[in-house]
Amino acid sequence: MPRPDDDASTTGQLLIVVERSGGFAGLTRTWRVEPAPADRSAWFDLVEGCPWNDAAPPRATGGADRFQWRVTVEAAASTRHAELGDDLAPSWRALIDAVRAGRAPAAPGRRTTR
């Protein structure tokens, strides 16, 4: 996936969509972020930290109320998709939590204001 400092990604959009389905009553919730160009580097770090090649469809496991996650990232001319079960790796959890919060975590040594 192009980095934010590449010409194509600074002029194009970055869109990250997270969908969660299942749980009680099987409802689906959707969160999305479209970061400004100045914030894209932190988001690309989160996206690139995820094991996209190892993302396998969720296995059928015990527990009727388990969540399933769908992550879609659109940047420049590429799109990535992953379908995940509720047993998320830490890198996936960090990306999903950031999208749900609407902001990427601050880099070490960098303060954020609200």
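Taking each residue as 0.36 nm, the span from residue 15 to residue 65 lengthens on full extension beyond its C-alpha to C-alpha distance by 15.2 nm.
What's the local net charge at residue 18, with K and R +1, D and E -1, over the other residues with C-beta under 9 Å away? Every neighbour counted, the sum reads +4.
Peptides 77-84, 41-48, 20-27, 65-72 ranked from most to least packed give 41-48, 65-72, 77-84, 20-27, packing being the mean of other C-beta atoms within 10 angstrom over each peptide's residues.
No value in this document is a laboratory result; all are computed from the given coordinates. Treat the numbers as computed from the prediction; the structure is a model and nothing was measured. Positions of Cβ are generated from backbone atoms using ideal geometry, with glycine treated the same way; all protein chains shown enter the neighbour counts.
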